[in-house]
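Written out below as structure tokens is the structure these notes cover.
Values in this text are rule-based calculations from the coordinates and carry no lab data. Since the model is a prediction, treat every value here as computed from it, not as a measurement. Don't worry about glycine lacking a Cβ; one is built from the backbone with ideal geometry, like all the others, and counts go over all protein chains shown.
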Amino acid sequence: MSASSASAVPESNSIGKTPIPLPFDLAGLKAGRPVLWTAGAEPRPGIAAGAPGISMADIEATLARWDRFAPLLAGLFPELEPHCGVIESGLLPVPRLQQALGLPEEAGALLVKADHALPVAGSVKARGGIHEVLEHAEALALRHGLLAPGGDYRGLASPAARALFARHQVAVGSTGNLGLAIGVAASALGFRAVVHMSADAKEWKKERLRRRGVEVVEHAGDYAEAVAAGRREAAADPLCHFVDDERSLSLFLGYASAAPRLARQLQALGRRVDAGHPLFVHLPCGVGGAPGGIAFGLAQIYGPHVHCFFAEPTRSPCFLAQMLAGTPGHEQLGANPSVYELGLDNRTEADGLAVPRASELAAALVRPLLAGVYTVEDETLFRHLHLAASTEELRIEPSAAAGLSGPAMLLGTPAGRDYLARHGLQERMPGATHIAWTTGGLFVPDEEYARFLARGAAAASPRP
């Protein structure tokens with residue numbers, strides 16, 4: 001497949017006619033304009049050498065771990081007690097938002113996967129971050145004889161277990177939401193928790209961590225520098241476990257475990273996924289672990305019938321840059337390119353997506369499965385945030401709105417229509433399901449959220 005973009009194309013690329021491969025608009029990407037890249041038909045690099053092979057069995061093992069820990073989580077977090085310790089979000093039909101976004105019924109149905117309201121951590125990062133903390137705690141407890149296989153995991157709240165965990169540190173580098181997930185889970189179990197945060201992390205996220213007793217280490221640089229600093233400090237402490245957002249398989253599998261649960265939710269809503277009923281999933285993307293894990297899990301279940309698109313800010317498209325690396329016509333990009341190499345500044349109000357370089361692990365695992373990546377301007381994020389609130393009362397942060405641009409990019413651009421034509425999807429769209437995966441927002445302070453809404457309302461107002 002040739003990579004494609006949202007650039008102008010001949011009429012012969014219209015739906016129903018023979019598609020002509022479209023060149024990718026690299027100039028538009030470098031200029032910070034919204035673009036859509038889609039995976040093409042040319043041979044794509046496969047799993048990178050040294051990348052771990054994972055399968056549905058690993059996802060099932062992760063789900064089993066969540067089940068083992070559910071009674072403990074219900075005791076540690078009161079908000080989980082009514083849900084028997086399960087950390088999960090709703091899958092919501094959003095007809096008013098669909099109409100406001102201009103997505104007609106004949107293009108399929110829009111749903112929102114509401115990870116912006118995920119309990120405990122308030123973001124999608126709860127899936128990966130809390131899972132890795134639990135896996136680390138489980139390994140320590142088994143090693144020290146505080147837990148027997150098949151035992152009662154509520155015992156990990158005992159004084160003996162907390163004394164063990166208190167001797168150990170859990171650290172992470174983050175722009176905010178992963179730090180919240182790691183910090184909350186680690187401190188609740190009794191670990192010493194440290195979060196290295198970049199300059200673009202929101203102040204309220206730092207304060208929320210500090211109130212939990214988490215040590216926040218601030219760095220003047222960006223996300224990559226915060227991660228590197230945390231990694232160096234952890235390497236010097238044998239009792240420190242560093243949650244590495246760029247390299248962690250445990251994080252990746254935590255995210256991937258969302259897929260079987262989503263499949264059950266789709267079934268409960270009567271939404272079929274098969275050749276005649278394609279599934280399009282639009283996922284906000286930072287370093288790539290969360291959307292990568294979700295996409296990987298969905299691909300194990302639905303195969304060619306699911307089409308996952310990642311959404312990135314126009315000035316922080318690190319995963320798109322990674323997908324271009326090594327492909328014909330983009331030889332100037334290195335093996336793991338930075339957005340700075342594209343002349344972009346990595347500055348965006350979508351703080352969770354402000355990442356200069358993608359995870360090579362996530363890229364290696366997802367590259368053969370990914371349908372495409374598109375970019376979104378900050379003002380569009382705020383406009384869609386406002387629409388989500390005014391139509392469906394969804395309280396999301398700017399980065400969580402990135403997926404809401406997906407259907408329009410797919411249906412309303414030459415690159416998107418080209419993708420549909422190449423895959424024979426045009427006539428199947430009335431039966432399609434579009435899922436916009438909202439990723440954070442539950443704990444945004446009222447004052448901060450009011451500013452988001454005001455900016456979104458201004459962006460939505462007609463200009464004179």
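Brief remarks follow.
- Those lysines that a straight Cα-Cα span of less than 28 Å connects to residue 30, excepting residues fewer than 8 apart in one chain: 202
- Across the chain, the mean sequence separation of Cα contacts (distance under 8 Å, 6 or more residues apart), normalised by length, yields a relative contact order of 22 percent.
- By the beta-carbon count within 10 Å of each Cβ, the least crowded to most crowded order of 419, 153, fewest first, is 153, 419.
- Averaging Cα coordinates gives a centre for region 157-235 and one for region 245-285; these two points are 28 Å apart.
- Options (1) 21.4, 71; (2) 26.4, 116; (3) 22.8, 68 - which one matches Rg and Dmax of the Cα atoms in Å as calculated here: (1)
- For region 125-247, relative contact order (Cα pairs under 8 Å, six or more residues apart, normalised by length) works out to 26 percent.
- Per residue, the chain reaches -11500 deg cm²/dmol at 222 nm when only DSSP H runs of four or more residues are counted, each adding -39500 (n - 2.57).
- The Rg/Rh ratio of region 125-247, with Rg taken over Cα atoms and Rh as the Kirkwood radius over Cα pairs, comes to 0.99.
- Cβ crowding within 10 Å ranks 223, 449 as 449, 223, fewest other Cβ atoms first.
- Here the simple spin-label model places points 7 Å from the Cα toward Cβ, and for residue 269 and residue 448 these points are separated by 2.8 nm.
- Computed over region 279-337, the P(r) tail beyond 17 angstrom holds 46 percent of alpha carbon pairs.
- Under the membrane-span-like helix rule (DSSP H runs whose alpha carbons stretch at least 27 Å along the helix axis, mean Kyte-Doolittle hydropathy -0.5 or higher), the chain yields 56-76.
- Simple spin-label estimate for residue 160 and residue 215 gives 2.8 nm between the two label positions (7 Å along the Cα-to-Cβ direction from each Cα).
- Within region 283-381, the GluC sites (Glu not before Pro) that combine a DSSP coil assignment with at most 10 other C-beta atoms in a 10 angstrom radius are 331.
- Antiparallel DSSP beta bridges within the chain, as percent of all bridges there, nearest 5: 20
- Extension gain (nm, one decimal) between residue 379 and residue 105, 0.36 nm per residue minus Cα-Cα: 96.0 nm
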